[in-house]
Amino acid sequence: MLYASEQDWRQAPNKRVVLFAMSGLGKTHVSTLLRDGGGWFHYSVDYRIGTRYMGEYIADNAKREAMKVPFLRDLLMSDSIYLGANLSFHNLTPVSAYLGKPGDPARGGLPMAEYQRRQDQFARAEEQALLDTGYFIDRAQDLYGYPHFVCDTGGSICEWVDPTNPDDPILRELSRVALMVWIKGSEDHTAELIRRFDKAPKPMAYRPDFLAACWSEYLAEQGLAEAQVDPDAFIRWTYARALAHRQPIYEAMADKWGVTVAAADMARVRDQGDFTDIIAAALNRRNG
């Protein structure tokens with residue numbers, strides 16, 4: 001690891017971390033807190049995906065819908081209006097909206113083939129955005145003078161890596177340039193994430209084999225054809241399974257490539273000093 005001990009971490013003139021966890025456990029909150037405190041560059045993987053790697057897909061999809069409206073079509077064809085995504089670190093809705101949900105088109109669903117195509121696009125985008133971390137570390141320091149760096153990953157990072165493979169290209173590169181930090185939720189956190197998701201389901205990205213297995217099982221269990229599926233019902237059904245599927249991968253990532261911090265402890269971070277202490281304690285636990 002980049003920092004072998006508490007002493008290495010505390011004395012490092014350049015602190016660099018990669019935060020990973022399920023969405024909703026505080027990655028962006030802590031990253032924003034560090035950035036606002038000064039000295040830390042906040043690299044949002046999801047923002048990079050939406051602006052660099054999927055921006056054209058998102059814009060073209062919006063234009064495709066607008067072209068169905070004669071008034072808007074005329075304006076677009078004459079270059080009189082511009083359509084684009086208004087992405088920010090705290091508003092990544094355009095990416096989620098593009099990913100969509102599979103099922104009944106009348107209820108906003110996508111055909112499974114199109115849904116899988118967009119999932120594949122997202123997977124390639126996230127893999128590349130993760131591999132861009134080292135470039136942004138250098139850029140943040142050389143161009144802007146930031147000594148410290150926090151990478152705020154998406155919840156689906158675990159879908160594209162194999163923590164048991166010592167040559168995994170993504171984990172090898174990330175651990176080369178930063179300390180991998182898993183924010184581990186409790187059973188209460190899991191229950192709250194499920195409750196929150198059930199109230200407002202949003203698109204997610206999954207490994208192709210996991211998605212295919214869930215889709216086949218859901219159709220068989222519900223006795224439905226593809227076009228009869230309620231999109232929100234399917235992604236609600238899949239979400240709890242996704243949590244169970246991701247948990248052991250996150251754990252293996254932390255055990256083999258980084259450290260673990262309890263979400264409850266991370267939630268108490270108020271400044272850079274608190275964050276430094278929590279990571280130091282995690283390194284001590286690993287070495288103990």
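Can you tell me which residue is modelled with the lowest pLDDT among those in region 190-239 that are small (Gly, Ala, Ser) and farther than 14 Å from residue 115 by Cα? Walk me through how you get there before you give the answer.
Let us first name the residues in region 190-239 that are small (Gly, Ala, Ser), namely 191, 200, 205, 212-213, 216, 220, 223, 225, 227, 233.
Next, only the ones that are farther than 14 Å from residue 115 by Cα stay: 191, 200, 213, 216, 220, 223, 225, 233.
On the way: 191: 89, 200: 82, 213: 97, 216: 97, 220: 97, 223: 97, 225: 96, 233: 95.
By that ranking, first place goes to 200.
If I ask for residues that are closer than 20 Å to residue 207 by Cβ and touching a Pro at 6+ places or on another chain (Cβ under 6 Å), which ones from region 71-99 would you list? Walk me through it before giving the result.
Within region 71-99, the first condition is being closer than 20 Å to residue 207 by Cβ, and the residues that meet it are 95-96, 98-99.
Answer for region 71-99, where residues must be closer than 20 Å to residue 207 by Cβ and touching a Pro at 6+ places or on another chain (Cβ under 6 Å): 96, 99.
Report the residue count in region 145-164 for those that are assigned to a loop (DSSP other than H, G, I, E, B), surrounded by 18 or more Cβ atoms within 10 Å (Cβ to Cβ) and among the polar types (S, T, N, Q). Even if it seems obvious, please write down each step before you answer.
Keep residues of region 145-164 that are assigned to a loop (DSSP other than H, G, I, E, B), which gives 145-147, 153-154, 161-164.
When the remaining residues are screened for being surrounded by 18 or more Cβ atoms within 10 Å (Cβ to Cβ), the result is 146, 153-154, 161, 163.
Going one step further and asking which of them are among the polar types (S, T, N, Q), we end up with 153.
Of the residues in region 145-164, 1 are assigned to a loop (DSSP other than H, G, I, E, B), surrounded by 18 or more Cβ atoms within 10 Å (Cβ to Cβ) and among the polar types (S, T, N, Q).
Residue 137: in contact (Cβ under 8 Å) with a residue 24 or more places away in the chain, hydrophobic (A, V, I, L, M, F, W, C), within 30 Å of residue 281 (Cα to Cα) and in contact with a strand residue (DSSP E or B) (Cβ under 9 Å, 6 or more places away or on another chain), yes or no? Write out each step before concluding.
Values: in contact (Cβ under 8 Å) with a residue 24 or more places away in the chain: yes; hydrophobic (A, V, I, L, M, F, W, C): yes; within 30 Å of residue 281 (Cα to Cα): yes; in contact with a strand residue (DSSP E or B) (Cβ under 9 Å, 6 or more places away or on another chain): yes.
Yes, satisfied.
Of all residues in region 39-93, which are part of a loop (DSSP other than H, G, I, E, B) and crowded, with 19+ Cβ neighbours inside 10 Å?
Of all residues in region 39-93, those part of a loop (DSSP other than H, G, I, E, B) come to 39, 54, 67-69, 78-87, 89-90, 92.
Those that are part of a loop (DSSP other than H, G, I, E, B) and crowded, with 19+ Cβ neighbours inside 10 Å: 54, 85, 87, 92.
Going by the structure shown, is residue 132 open to solvent by less than 70 Å² (accessible area, probe 1.4 Å), closer than 30 Å to residue 272 by Cα and touching a residue at least 12 places away in the same chain (Cβ under 8 Å)?
Numbers: open to solvent by less than 70 Å² (accessible area, probe 1.4 Å): yes; closer than 30 Å to residue 272 by Cα: yes; touching a residue at least 12 places away in the same chain (Cβ under 8 Å): yes.
Yes: the conditions hold for residue 132.
Among (1) touching a His at 6+ places or on another chain (Cβ under 7 Å); (2) in contact (Cβ under 8 Å) with a residue 60 or more places away in the chain, where does residue 189 come up short?
Single failed check for residue 189: (1).
Of the residues 167, 142, only one is among the acidic types (Asp, Glu), loosely packed, with under 14 Cβ neighbours inside 10 Å, out of contact with any helix residue (DSSP H, G or I) (no Cβ under 9 Å at 6 or more places or on another chain) and not in a helix (DSSP H, G or I); which?
Values: 142 fails: not in a helix (DSSP H, G or I).
Only one candidate qualifies: 167.
Among the residues that make up region 182-195, is at least one of them within 17 Å of the chain's Cα centre (by Cα), buried (at least 20 other Cβ atoms within 10 Å of the Cβ) and either β-branched (Val, Ile, Thr) or more than 18 Å from residue 25 (Cβ to Cβ) (or both)?
Within region 182-195, one or more residues are within 17 Å of the chain's Cα centre (by Cα), buried (at least 20 other Cβ atoms within 10 Å of the Cβ) and either β-branched (Val, Ile, Thr) or more than 18 Å from residue 25 (Cβ to Cβ) (or both).
Applying the selection to region 1-30, what residues are without any contact (Cβ under 8 Å) to a residue 60 or more places away in the chain and open to solvent by less than 20 Å² (accessible area, probe 1.4 Å)?
Correct list: 12 only.
Looking at (1) out of contact with any Pro (no Cβ under 7 Å at 6 or more places or on another chain); (2) open to solvent by less than 70 Å² (accessible area, probe 1.4 Å); (3) of a type in the set (Ser, Thr, Tyr), which is the one condition that is false for residue 115?
(1)
Condition check ((1) under 30 Å from residue 231 (Cα atoms); (2) acidic (Asp, Glu); (3) under 14 Å from the mean Cα position of the chain (by Cα)) across all residues:
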position	(1), (2), (3)
109	yes, no, no
114	yes, yes, no
122	yes, no, yes
130	yes, no, yes
135	no, no, no
140	no, no, no
148	no, no, no
156	yes, no, yes
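The values are calculated or read from the model by the stated rules, or taken from the named source; none is laboratory data. In this text, all values refer to a predicted model and were calculated from it rather than measured experimentally. With ideal geometry, Cβ positions are generated from the backbone for all residues, glycine too; neighbour counts draw on all protein chains shown. The protein model used for the area step is the full one, side chains on, heavy atoms only, and it has no ligands, DNA or RNA in it. Shrake-Rupley method; radii C 1.70, N 1.55, O 1.52, S 1.80 Å.
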